[in-house]
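S.K.: Could you have a look at this structure, given as structure tokens, before my questions?
The values are calculated or read from the model by the stated rules, or taken from the named source; none is laboratory data. None of the values given here were measured: they were computed from a predicted structure. In this analysis, Cβ positions are derived from the backbone assuming ideal geometry, glycine residues included, and neighbour counts consider all displayed protein chains.
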Amino acid sequence: MTANYTGPLEDRIAIREVLETYADAVNRVDEALWASLWVEDCHWDLSHYPELGVVSGKTAVVDLWRGAMPLYPKLSFIMTPGMIQVDGDTAVARAYFSEVYEEPDTLKDKRARACYNDTLVKRDGQWFLKSRAFTIIHQT
């Protein structure tokens, strides 16, 4: 075990499954599955895009995602965890992702490499996203 991965293995696997399910839901545009990963009092920090800022509350987070997905046709979203640290019923994680999508206006492929810094909580034996902070690393 490295410093990037701490806490019970069972919890770390469950958190990894949350992250991978997130990617699967994005790729399949499965709103119900995507929404099921968040707690009600969640926050999605998209302040990398000043017009979006930080969105709070599950309803607002899901509404934003629902409105954004049509802007990313033919999206491929691949996520890889870089860190998962569990402390009781809370955890922090860092996940890197790569996405390719077709820009609606130009029909050209766009590519982004980015990172989510996450806080997760365990409720009734299941892990959920409490907050996600988005940062672009590279985009073309």
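Conditions tested, residue by residue: (1) within 16 Å of the chain's Cα centre (by Cα); (2) without any contact (Cβ under 8 Å) to a residue 60 or more places away in the chain; (3) outside any strand (DSSP E or B).
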residue: ASP24; (1), (2), (3): yes, yes, yes
residue: VAL39; (1), (2), (3): yes, no, no
residue: LEU64; (1), (2), (3): yes, yes, yes
residue: MET69; (1), (2), (3): yes, yes, yes
residue: ILE78; (1), (2), (3): yes, yes, no
residue: PRO81; (1), (2), (3): yes, no, no
residue: THR119; (1), (2), (3): yes, yes, no
residue: PHE134; (1), (2), (3): yes, no, no
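S.K.: Against the conditions (1) touching a strand residue (DSSP E or B) at 6+ places or on another chain (Cβ under 6 Å); (2) more than 30 Å from LYS108 (Cα to Cα); (3) in a strand (DSSP E or B); (4) not aromatic (Phe, Trp, Tyr), where does ASP45 fall short? Just the number, please.
M.R.: ASP45 satisfies every listed condition except (2).
S.K.: Please determine whether any residue of segment 122-133 is under 17 Å from SER76 (Cα atoms), at pLDDT 95 or above and surrounded by 12 or more Cβ atoms within 10 Å (Cβ to Cβ).
M.R.: No.
S.K.: Hey, another quick one. Based on this model, can you work out whether GLU51 counts as within 20 Å of ALA114 (Cα to Cα) and loosely packed, with under 12 Cβ neighbours inside 10 Å?
M.R.: In short, yes.
S.K.: Taking the stated definitions as given, is SER56 over 15 Å from ALA133 (Cα atoms), among the polar types (S, T, N, Q) and modelled with pLDDT of 95 or more?
M.R.: No; evaluated as a whole, the condition is false for this residue.
S.K.: May I pose another question? Among the residues of segment 76-95, which ones are more than 25 Å from GLU40 (Cβ to Cβ) and in contact with a Lys or Arg (Cβ under 7 Å, 6 or more places away or on another chain)?
M.R.: Result: GLY82, MET83.
S.K.: From the list LEU46, LEU52, LEU37, LEU64, which residue is in contact with a Leu (Cβ under 9 Å, 6 or more places away or on another chain) and within 19 Å of GLY125 (Cβ to Cβ)?
M.R.: The match here is LEU37.
S.K.: Sort through TRP44, TRP127, TRP65 and tell me the only one that's in contact with a helix residue (DSSP H, G or I) (Cβ under 9 Å, 6 or more places away or on another chain), under 25 Å from GLU10 (Cβ atoms) and not acidic (Asp, Glu). If you could, list the steps in order and put the result at the bottom.
M.R.: Values: TRP44 fails: under 25 Å from GLU10 (Cβ atoms); TRP65 fails: under 25 Å from GLU10 (Cβ atoms).
Within the list TRP44, TRP127, TRP65, the selection yields TRP127.
S.K.: Residues that are buried (at least 16 other Cβ atoms within 10 Å of the Cβ), at pLDDT below 95, among the hydrophobic types (A, V, I, L, M, F, W, C) and not in a strand (DSSP E or B): does segment 98-113 have at least one?
M.R.: Checked segment 98-113: no residue is buried (at least 16 other Cβ atoms within 10 Å of the Cβ), at pLDDT below 95, among the hydrophobic types (A, V, I, L, M, F, W, C) and not in a strand (DSSP E or B).
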